[in-house]
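One structure is given here, and the rest of the page talks about it.
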Amino acid sequence: MTGATSILSHINKVVEAARQRGGFDAMCFNKMTVLEAEKGRVRGEVAVAKEYLNTIGSTHGGWLSTLVDVGGSLAVASHGFATNGVSTDISVSFLAGSKEGDKIVFDAQVLKLGNTLAYTRVDIFANSRMIATGSHTKYIARETAAKKEAAAAAAAEKPE
């Protein structure tokens, strides 16, 4: 997989697969748009809907934490993984509030991709103002092994 267009296409397929599976992932992805993707980085946006608010009418911290999870996962997937591992650690700092109707943009990037762990950072903005930043660690050993097996199989199929 090379080029920003093919990476964006891959990320959109990952998002669509999550939507089709249903459950919590589908709820997270249903209103989100992926804006751009390159190897190791994904940007997306979503408008704050009423169901994302807390009891005082501000965007719920749990929902913003979910954006760190989802954004970090998509950044990992941008390395060509069909699946993106499981979370081992997530941390979010809330810097400012946002409200219903605000346009949220997340910028997720892989800081380090190893054989077993991927480390990501996700910055979240509302109306161009940073409102949260988070780090997200993913266990990716199965995904790394599957990608290596697929590459080996593809190489074996190529005529010399």
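Among the residues in the stretch 35-46, are any out of contact with any helix residue (DSSP H, G or I) (no Cβ under 6 Å at 6 or more places or on another chain) and assigned to a helix (DSSP H, G or I)?
For the stretch 35-46, residues out of contact with any helix residue (DSSP H, G or I) (no Cβ under 6 Å at 6 or more places or on another chain) and assigned to a helix (DSSP H, G or I): absent.
Sort out which residues of the stretch 99-122 are within 23 Å of residue 61 (Cα to Cα) and open to solvent by less than 60 Å² (accessible area, probe 1.4 Å), and write them in order of number.
Scanning the stretch 99-122 gives 101, 102, 104, 105, 106, 107, 108, 109, 110, 120, 122.
If I ask for residues that are surrounded by 18 or more Cβ atoms within 10 Å (Cβ to Cβ) and of a type in the set (Gly, Ala, Ser), which ones from the stretch 123-154 would you list?
Selection gives 126, 132, 134.
Determine whether residue 80 is of a type outside the set (A, V, I, L, M, F, W, C), part of a loop (DSSP other than H, G, I, E, B), farther than 19 Å from residue 32 by Cα and in contact with a His (Cβ under 8 Å, 6 or more places away or on another chain).
Values: of a type outside the set (A, V, I, L, M, F, W, C): yes; part of a loop (DSSP other than H, G, I, E, B): yes; farther than 19 Å from residue 32 by Cα: yes; in contact with a His (Cβ under 8 Å, 6 or more places away or on another chain): yes.
When the stated conditions are applied, residue 80 passes them.
Got a number for residues in the stretch 47-75 being part of a helix (DSSP H, G or I) and among the small types (Gly, Ala, Ser)?
7
Looking at 13, 31, which is the one that is open to solvent by 30 Å² or more (accessible area, probe 1.4 Å), assigned to a loop (DSSP other than H, G, I, E, B) and not polar (S, T, N, Q)? Steps first, answer last, please.
Details: 13 fails: assigned to a loop (DSSP other than H, G, I, E, B).
Going through 13, 31 in turn, just one is open to solvent by 30 Å² or more (accessible area, probe 1.4 Å), assigned to a loop (DSSP other than H, G, I, E, B) and not polar (S, T, N, Q): 31.
Exactly one condition in (1) open to solvent by 70 Å² or more (accessible area, probe 1.4 Å); (2) under 18 Å from residue 45 (Cα atoms) is false for residue 96; which is it?
Tallying (1) open to solvent by 70 Å² or more (accessible area, probe 1.4 Å); (2) under 18 Å from residue 45 (Cα atoms), residue 96 fails exactly one: (1).
When only residues in the stretch 34-66 that are open to solvent by less than 50 Å² (accessible area, probe 1.4 Å), among the aliphatic types (A, V, I, L, M) and more than 17 Å from the chain's Cα centre (by Cα) count, which is modelled with the lowest pLDDT?
So the residue we want is 49.
Just checking, which of 110, 122 is free of Cβ contacts under 8 Å to residues at least 60 places away in the same chain, in a strand (DSSP E or B) and over 24 Å from residue 55 (Cα atoms)? So that I can check it myself, show each step before the final result.
Working: 110 fails: free of Cβ contacts under 8 Å to residues at least 60 places away in the same chain.
Every option except 122 fails the conditions.
Does the stretch 125-158 hold any residues that are of a type in the set (D, E, K, R) and assigned to a loop (DSSP other than H, G, I, E, B), and which are they?
158
The values are calculated or read from the model by the stated rules, or taken from the named source; none is laboratory data. These figures come from a predicted structure and were not determined experimentally. Cβ sites come from the backbone with ideal geometry, for glycine too, and all protein chains shown count toward neighbours. Heads up: the accessible areas ignore ligands, DNA and RNA and are worked out on the full protein's heavy atoms, side chains in. Shrake-Rupley method; radii C 1.70, N 1.55, O 1.52, S 1.80 Å.
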